[in-house]
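The values are calculated or read from the model by the stated rules, or taken from the named source; none is laboratory data. Note that the structure is a prediction, hence the values are computed from the model and not measured. Note that each Cβ is placed from the backbone with ideal geometry, even for glycine, and that neighbours are counted across all protein chains shown. SASA here: full protein model, heavy atoms, side chains in, ligands and nucleic acids out. Shrake-Rupley method; radii C 1.70, N 1.55, O 1.52, S 1.80 Å.
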Amino acid sequence: MDDRTTPRPRGLAQIILALSPADGLVAVPVGEQYRWANTALQLTPGFERRPDGTYALRDVDSAKPNLLALAENARRHRVLLFGGARPYLGDYATALADGLPGTWTVKVEVYAHPVWQEDLVPLLWDTGELIDSVEHGRIPYAAQLTNGAGIELLLVERLGSAHEYLLGAFASASFDDNYADPHAPRSVVLPSEAAHAAGLVTGTFLPAYEQAVHERLLAAVEAAHGRLEELHVEWTAIQQSSLYSDGTRLDPATLGHTEQQYLEESSVE
């Protein structure tokens, strides 16, 4: 069994194993051939598939025969096993959420095939290490933390580290074009101790996130105001010259319709 920090080949089937005080031994099937990893787990007694795509072996104390069977099934189906000392991500995410202000929900998502994580790129609102890891590294699974008040966060294991994590934000639903937005906050590196991590998120990251939201809203208002001024100048010039900006003469019969179009564009802005 390889250590969890070992580079994970993209083209193979893999099973990542992690201990969970609540769930026992958690197994995550990943890789371009993740279906073979699923098959190996399904053929191994004791592993129960969960709705999020992970498997759990509840009785760890008597798990030796199950693990031997898993190793044999993995060998037969050319599946690599990875394990290490890092606890299951879902447990860390839950402990972190418990230390944050307000009420948070935690959901683990598995990106079994490497291309699945690409769906995160246009949704993330980050200028730090997290977006770089999602774009250029391998993120087999992550935890999403939501507080029900518009804040959605993404938590992943930090690449190249056996103990650290990365936390960043999704943009508010009121925004679009999040990618490379200059107002985006920077993701934060979190330590293995969840209580300490929660203090960093509460004292540093969340205030920076709120400030970034404020700055982005302000920029949107200023841009809309500037656009309204442009429309006003443009419409005034058309009325005075009876010519469109391309030099076409304004038809008096369509004046009301043209004015309505400008009013509608102004209301959208």
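Here is a check on your reading of the model: is Ala37 among the small types (Gly, Ala, Ser) and at pLDDT 95 or above?
Values: among the small types (Gly, Ala, Ser): yes; at pLDDT 95 or above: yes.
Yes.
State yes or no: is Leu153 aliphatic (A, V, I, L, M), crowded, with 20+ Cβ neighbours inside 10 Å and over 28 Å from Ala184 (Cβ atoms)? Walk me through how you get there before you give the answer.
Details: aliphatic (A, V, I, L, M): yes; crowded, with 20+ Cβ neighbours inside 10 Å: yes; over 28 Å from Ala184 (Cβ atoms): no.
In short, no.
Need pairs with beta-carbon distance below 9 Å; first residue within 13 Å of Ala197 (Cβ to Cβ) and among the hydroxyl-bearing types (Ser, Thr, Tyr) and within the range 84-104, second open to solvent by less than 10 Å² (accessible area, probe 1.4 Å) and in a helix (DSSP H, G or I); sequence gap 6+ or separate chains.
Within 9 Å, the pairs are Tyr92/Ala197.
Please specify each residue of the range 88-109 satisfying the condition of being open to solvent by 60 Å² or more (accessible area, probe 1.4 Å) and part of a loop (DSSP other than H, G, I, E, B).
Within the range 88-109, Pro101, Gly102, Thr103 qualify.
Are any residues in the range 128-163 within 16 Å of Ala97 (Cα to Cα) and assigned to a loop (DSSP other than H, G, I, E, B), and if so, which ones?
Asn147, Gly148, Ala149, Gly150, Ile151
Being part of a loop (DSSP other than H, G, I, E, B) and open to solvent by 60 Å² or more (accessible area, probe 1.4 Å): is that true of Ala112 here?
No.
Filter the range 190-232 for residues that are open to solvent by 80 Å² or more (accessible area, probe 1.4 Å), modelled with pLDDT of 65 or more and either outside any helix (DSSP H, G or I) or among the aliphatic types (A, V, I, L, M) (or both) and give the result.
Glu193, Leu217, Leu218
Only one of these is crowded, with 19+ Cβ neighbours inside 10 Å and not in a strand (DSSP E or B): Asn66, Asn73. Name it.
Residue meeting the stated conditions: Asn73.
Report every pair of residues separated by at least 6 positions or lying on different chains whose Cβ atoms are under 6 Å apart, first residue within the range 128-157 and at pLDDT 95 or above and among the small types (Gly, Ala, Ser), second open to solvent by 40 Å² or more (accessible area, probe 1.4 Å) and in a loop (DSSP other than H, G, I, E, B).
Listed pairs, sorted by first residue: Ser133/Leu159; Gly137/Leu159.
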